[in-house]
1. For q = 0.09, 0.19, 0.22 Å⁻¹, what log10 I(q)/I(0) does the chain give under the Debye formula with an equal point scatterer on each alpha carbon and no solvent?
2. Taking the 0 to 90 degree range and rounding to the nearest ten, how far is the long axis of helix 33-52 tilted relative to the main principal axis of the chain, both from C-alpha atoms?
3. Relative contact order (percent) for the range 56-107, with alpha-carbon contacts under 8 angstrom and 6 or more residues of separation?
Amino acid sequence: MKFKGKIAAWFWIIFLAGNVLMAYELVESSGVSAEIGAALVVFNAIFIPMVVRNYVVIDGTRMAVYFGIMKDSMEISEIREIRRTCNPISATAASLDRIEIKGRRQEMICAVRDRERLIEELLRCNPEIKV
């Protein structure tokens with residue numbers, strides 16, 4: 001089962017403002033267009049995968065979080081606790097409306113559009129999870 005990732009308005013603003021600002025500078029500048037063009041390519045190489053590849057997959061006994069070029073997975077049987085968090089340090093979510101999934105040996109943070117359905121599905125697979 002696939003759950004789409006949540007992308008907050010602030011993330012879209014940063015993405016669009018960065019592109020507009022660099023495109024404007026690229027058009028208006030006379031001497032530094034190669035550097036600005038390179039910055040625009042790098043900026044989009046970082047942000048576009050985060051927008052396109054942002055989801056959680058529950059496949060049988062495993063849960064996988066895909067965010068940009070990163071992927072993290074965990075056995076559902078290893079999950080001990082799920083809780084809401086606004087931790088801004090995590091790099092695997094484009095929204096501050098996140099859930100933290102704690103396992104025996106690892107933790108994952110993700111932001112999905114349908115958080116309740118994700119939690120229900122995880123509880124169906126492992127009823128011992130503390131919410």
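1. Debye output, listed in q order: -0.33, -0.99, -1.24.
2. Between the helix axis and the principal axis of the chain, the angle is about 20 degrees.
3. Numbers: 71 pairs, mean separation 15.1, N = 52.
Result for the range 56-107 is 29 percent.
Read-outs: derived from the displayed coordinates by stated rules, not from any lab. A quick note: this is a predicted structure, and the numbers were derived from the prediction, not measured.
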